[in-house]
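Visitor: Below is one structure. I have some questions about it.
The values are calculated or read from the model by the stated rules, or taken from the named source; none is laboratory data. Not measured: the values here are computed from a predicted model. All Cβ positions, glycine included, derive from the backbone under ideal geometry; neighbour counts span all protein chains shown. Please note that ligands, DNA and RNA were not included when accessible areas were found on the heavy atoms of the full protein model with its side chains. Shrake-Rupley method; radii C 1.70, N 1.55, O 1.52, S 1.80 Å.
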Amino acid sequence: MSQKKGTKKAEGGDAGAKKAPAGQKPSKGAKADVKREKPAPAEGGQKAKPMSAITVKKSEDFSDYFTQLVEKAELADIRYGVKGFVCYMPWAVMTIKKMYAKYEQLLEANGHLPLIMPTVIPKSFFEKESDHVKGFAPEVFWVTEAGGNHEKLEEPLALRPTSETALYSMYSMWIRSYQDLPFKRYQSCQVFRYEGRSTRPFFRAREFHWIEAHDVFATLEDARNQVLQDMDMSYKMVRDEFCIPIIFFQRPEWDKFAGAIHTYAADALLESGKVIQLPSTHLLGQNFSGPFNVRYVTKDGKDELGYITCYGPAISRIYGAMVAVLGDDQGLVLPWDLAPVQVVIVPIYFKGQAEAVDKACKEVEAEVKAKLDAAVKVDDRDYITAGEKFNEWEMRGVPVRIEIGPKDVEKGQVVVVTRVPRKKEFVPRAGLAGALEGIAKSYTQNLRDLHLLKFDSLVQRCDYIEDAKEAIDGNKIACVGLCSIDMSGYSCAEKVEKGTGGVIRGRRVDDEPNKFDRCVACGAPNPVAVYVARSY
RNA sequence: GGGGCCGUAUUCUAGCGGUCGAAGAUCCGGGCUUUGGGAGCCCGUCGUCGUUGGUUCGAAUCCAACCGGCCUCGCCA
């Protein structure tokens, strides 16, 4: 019987089999470490984890791994049936809300006030700035009719792909004088993009969740300083709090936000060897203040255009990146502050001793809540085994598990197990709060250290396009010389991208250690060092 | 947007022109028994075979289009 089951589970594992030969790999690697002694020899000969476990190794098939993680840790449900739109499940939402809260707090500490704008933008607003219109034209959802008879709207409404045009049309009314500047607002909202490329939960959707901050200043210099602050906030949040290593690039001229003077964007590197863009900040200068009439009166009575910046951390994508970067073969891993449940208590029941165990669990729960102010949960379900609970909470990335059984009650101790690193310890009840405090304090720091591989170690300096291709094929980022990231460098950039299969991400914003004598494509002297990588 | 693969119950799979009034496992509900790393037995429930149209005496099965999913290549948070 369990033989049959082993077989079935192996099959369950190839949820991905339909897509590629890679789907077959998993069963081979599937852990047989659990004491399931039936070999199930006839059909396939491999034991497998239950369907509730991830059946591929992250390092072997990242794409399948991510799909399974999203499904099995119940982060999103993709069965809604509209391309690019998914249900965000409670476990993900609880973390995402915490991420929002941290980000919003930081933005407010840096002088931003919250605001909520309408979701629809009239066509006429949207079309005021021509570069921006061109950039977004292909990916806007339009609301064109309404009512029972599908009456046509007099003016089509865009489902906002981003809010510049909505905000700045109001900013022109809200901002009157230099006394109003700097004028800094943010909103947490959803935006919509009719994405052509294939969609992925969290990473690329047609509806995504983000924060956008839009700031107006009296001088270009003030605006530039805001861009620096935006980058600093990104590091504080994305790297320090969410434990995702990132680096900022100035995007090439041909790859900037439509309507910006410059775009600066953080890239993270995922297990697949692809970079993904995380927060970006744009120096818009006066490109929008002209068309939208964002003006202010100076101290000496002159009428001036404001200088604008906008900053867009996409929380849903950052969440996806965090899940992807931190997760391991057991499932999700979360920083301490972001875990919906930080400590789970699993009672180990035995006939006739449940009451004593339950009582001890309740006591420990109360103590942890009181002394640590942590999110604690007692998993007292009596219809599944303790082992299954262990696996379930590990899949969900709960940082600490406390096991309490009859033996522990007797000895006045508990078992404390940390998710990362996976470590089991017997702790006397009297020392529990102290032990947990220690874990809580260092947990996130440990994760960060674990993942803060410096980009430097993943970057390969290359003098020839062929070398760069080799580096990129080996899941690395290539650093090459390019004559320019202005439009004058575009044709060389095309050659590099075609020759390497990567995309030019731009020039590092911080200090550049690599120096080049000539452009890899045309040989022109005094090139700028740029980074080339495959991207999501 | 291009190319490739795919769509049967919550999920995974079988069926590949008539024997399908669609099979098995899982899930779910009930009962017993269990719980220190993914338990077992018994009973029960669950199906617009993705949708629409076509071919055929007859379609889950063949064809087309659409919708969705996965993989892969050129443009973005």
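Visitor: Show me the strands (runs of 3 or more DSSP E) found entirely inside segment A:447-536 where at least 2 residues are open to solvent by 10 Å² or more (accessible area, probe 1.4 Å).
Guide: A:459-461, A:503-508, A:528-535
Visitor: Still on this structure: Find all pairs meeting these conditions: Cβ atoms under 7 angstrom apart; at least six residues apart or on different chains; first residue within segment A:224-245 and under 15 Å from A:Leu107 (Cβ atoms); second residue among the basic types (Lys, Arg).
Guide: Note: pairs meeting the criteria are A:Met237/A:Lys102; A:Glu241/A:Lys102.
Visitor: Filter segment A:338-359 down to the residues that are more than 10 Å from RNA strand B (Cβ to nearest atom) and open to solvent by less than 70 Å² (accessible area, probe 1.4 Å) and list them by number.
Guide: A:Leu338, A:Ala339, A:Pro340, A:Val341, A:Gln342, A:Val343, A:Val344, A:Ile345, A:Ala356, A:Asp358
Visitor: Take segment A:486-514 and flag every residue that is more than 12 Å from RNA strand B (Cβ to nearest atom) and within 11 Å of A:Tyr531 (Cβ to Cβ).
Guide: Matches in segment A:486-514: A:Arg507, A:Arg508, A:Glu512, A:Asn514.
Visitor: Can I ask one more? Please go through segment A:261-313 and give me each residue that is of a type in the set (A, V, I, L, M, F, W, C), surrounded by fewer than 21 Cβ atoms within 10 Å (Cβ to Cβ) and away from RNA strand B (no atom under 14 Å from the Cβ), ordered by number.
Guide: A:Val297, A:Leu305
Visitor: Residue check: is A:Tyr349 assigned to a loop (DSSP other than H, G, I, E, B), touching an Asp or Glu at 6+ places or on another chain (Cβ under 7 Å) and farther than 28 Å from A:Tyr235 by Cα?
Guide: yes
Visitor: For segment A:421-438, state whether one or more residues are surrounded by 15 or more Cβ atoms within 10 Å (Cβ to Cβ), within 10 Å of RNA strand B (Cβ to nearest atom), without any contact (Cβ under 8 Å) to a residue 60 or more places away in the chain and within 25 Å of A:Lys351 (Cα to Cα).
Guide: No, segment A:421-438 contains no residue that is surrounded by 15 or more Cβ atoms within 10 Å (Cβ to Cβ), within 10 Å of RNA strand B (Cβ to nearest atom), without any contact (Cβ under 8 Å) to a residue 60 or more places away in the chain and within 25 Å of A:Lys351 (Cα to Cα).
Visitor: Then there's this: If a residue must be at pLDDT below 95 and more than 9 Å from A:Cys483 (Cα to Cα), how many such residues does segment A:516-529 contain?
Guide: Total satisfying the criteria: 0.
Visitor: Still on this structure: So A:Ser163 fits all but one of (1) away from RNA strand B (no atom under 16 Å from the Cβ); (2) at pLDDT 95 or above; what number is the exception?
Guide: Going through (1) away from RNA strand B (no atom under 16 Å from the Cβ); (2) at pLDDT 95 or above one by one, A:Ser163 breaks only (1).
Visitor: Could you list all residues from segment A:392-420 that are assigned to a helix (DSSP H, G or I), under 14 Å from A:Val344 (Cα atoms) and of a type in the set (A, V, I, L, M)?
Guide: Scanning segment A:392-420 gives a single hit, A:Met395.
Visitor: Could you check segment A:216-242 and list, in sequence order, the residues that are buried (at least 20 other Cβ atoms within 10 Å of the Cβ), away from RNA strand B (no atom under 16 Å from the Cβ) and among the acidic types (Asp, Glu)?
Guide: Matches in segment A:216-242: A:Glu241 only.
Visitor: Another question about this same structure. Regarding segment A:102-113, can at least one residue be identified that is within 16 Å of RNA strand B (Cβ to nearest atom) and either open to solvent by 70 Å² or more (accessible area, probe 1.4 Å) or in a loop (DSSP other than H, G, I, E, B) (or both)?
Guide: Taking every residue of segment A:102-113 in turn, none turns out to be within 16 Å of RNA strand B (Cβ to nearest atom) and either open to solvent by 70 Å² or more (accessible area, probe 1.4 Å) or in a loop (DSSP other than H, G, I, E, B) (or both).
Visitor: Let me ask something additional. Name the pairs whose Cβ atoms lie under 6 Å apart, with the first residue in segment A:105-118 and within 14 Å of A:Tyr171 (Cα to Cα), the second in a loop (DSSP other than H, G, I, E, B), and 6 or more positions between them or separate chains?
Guide: Pairs found: A:Met117/A:Ser163.
Visitor: Another question about this same structure. List every residue pair whose Cβ atoms lie under 7 Å apart, where the two residues are 6 or more positions apart in sequence or sit on different chains, the first residue falls within segment A:316-345 and is within 16 Å of A:Arg239 (Cβ to Cβ) and part of a helix (DSSP H, G or I), and the second residue, located anywhere, is aromatic (Phe, Trp, Tyr) and away from RNA strand B (no atom under 16 Å from the Cβ).
Guide: Correct list of pairs: A:Trp336/A:Tyr443.
Visitor: Of A:Asp380, A:Asp373, which residue is free of Cβ contacts under 8 Å to residues at least 40 places away in the same chain, open to solvent by 60 Å² or more (accessible area, probe 1.4 Å), within 11 Å of RNA strand B (Cβ to nearest atom) and of a type in the set (Asp, Glu)?
Guide: Testing whether each residue is free of Cβ contacts under 8 Å to residues at least 40 places away in the same chain, open to solvent by 60 Å² or more (accessible area, probe 1.4 Å), within 11 Å of RNA strand B (Cβ to nearest atom) and of a type in the set (Asp, Glu) leaves just A:Asp380.
Visitor: Looking at segment A:369-379 only, could you name the residues that are in contact with a Lys or Arg (Cβ under 9 Å, 6 or more places away or on another chain) and in a loop (DSSP other than H, G, I, E, B)?
Guide: The answer is A:Ala375, A:Asp379.
Visitor: Further question: In this structure, is A:Gly148 open to solvent by 60 Å² or more (accessible area, probe 1.4 Å), away from RNA strand B (no atom under 14 Å from the Cβ), of a type in the set (Gly, Ala, Ser) and outside any strand (DSSP E or B)?
Guide: Yes; evaluated as a whole, the condition is true for this residue.
Visitor: Could you check A:His132 against (1) open to solvent by less than 20 Å² (accessible area, probe 1.4 Å); (2) at pLDDT 95 or above and say which number it fails?
Guide: Checking A:His132 against (1) open to solvent by less than 20 Å² (accessible area, probe 1.4 Å); (2) at pLDDT 95 or above, the one that fails is (2).
Visitor: Every residue in segment A:164-197 that is part of a loop (DSSP other than H, G, I, E, B) and touching a residue at least 24 places away in the same chain (Cβ under 8 Å), please.
Guide: A:Ile175, A:Arg176, A:Leu181, A:Pro182, A:Arg193, A:Tyr194, A:Glu195, A:Gly196
Visitor: So which of A:Arg204, A:Arg193 ends up being touching a helix residue (DSSP H, G or I) at 6+ places or on another chain (Cβ under 9 Å), of a type outside the set (A, V, I, L, M), open to solvent by 40 Å² or more (accessible area, probe 1.4 Å) and on the phi < 0 side of the Ramachandran plot?
Guide: The unique qualifying residue is A:Arg193.
Visitor: Identify all residues within segment A:51-71 that are part of a helix (DSSP H, G or I) and farther than 17 Å from A:Glu394 by Cβ; write none if there are none.
Guide: A:Phe62, A:Ser63, A:Asp64, A:Phe66, A:Thr67
Visitor: Any idea which of (1) under 27 Å from A:Ile246 (Cβ atoms); (2) touching an Asp or Glu at 6+ places or on another chain (Cβ under 8 Å); (3) β-branched (Val, Ile, Thr); (4) modelled with pLDDT of 95 or more is the one A:Val378 doesn't satisfy?
Guide: Only one criterion in (1) under 27 Å from A:Ile246 (Cβ atoms); (2) touching an Asp or Glu at 6+ places or on another chain (Cβ under 8 Å); (3) β-branched (Val, Ile, Thr); (4) modelled with pLDDT of 95 or more is unmet by A:Val378, namely (1).
Visitor: Output the number of the condition that A:Lys389 fails; it satisfies all remaining conditions of (1) within 28 Å of A:Ala92 (Cα to Cα); (2) away from RNA strand B (no atom under 15 Å from the Cβ); (3) assigned to a helix (DSSP H, G or I); (4) charged (D, E, K, R).
Guide: (2)
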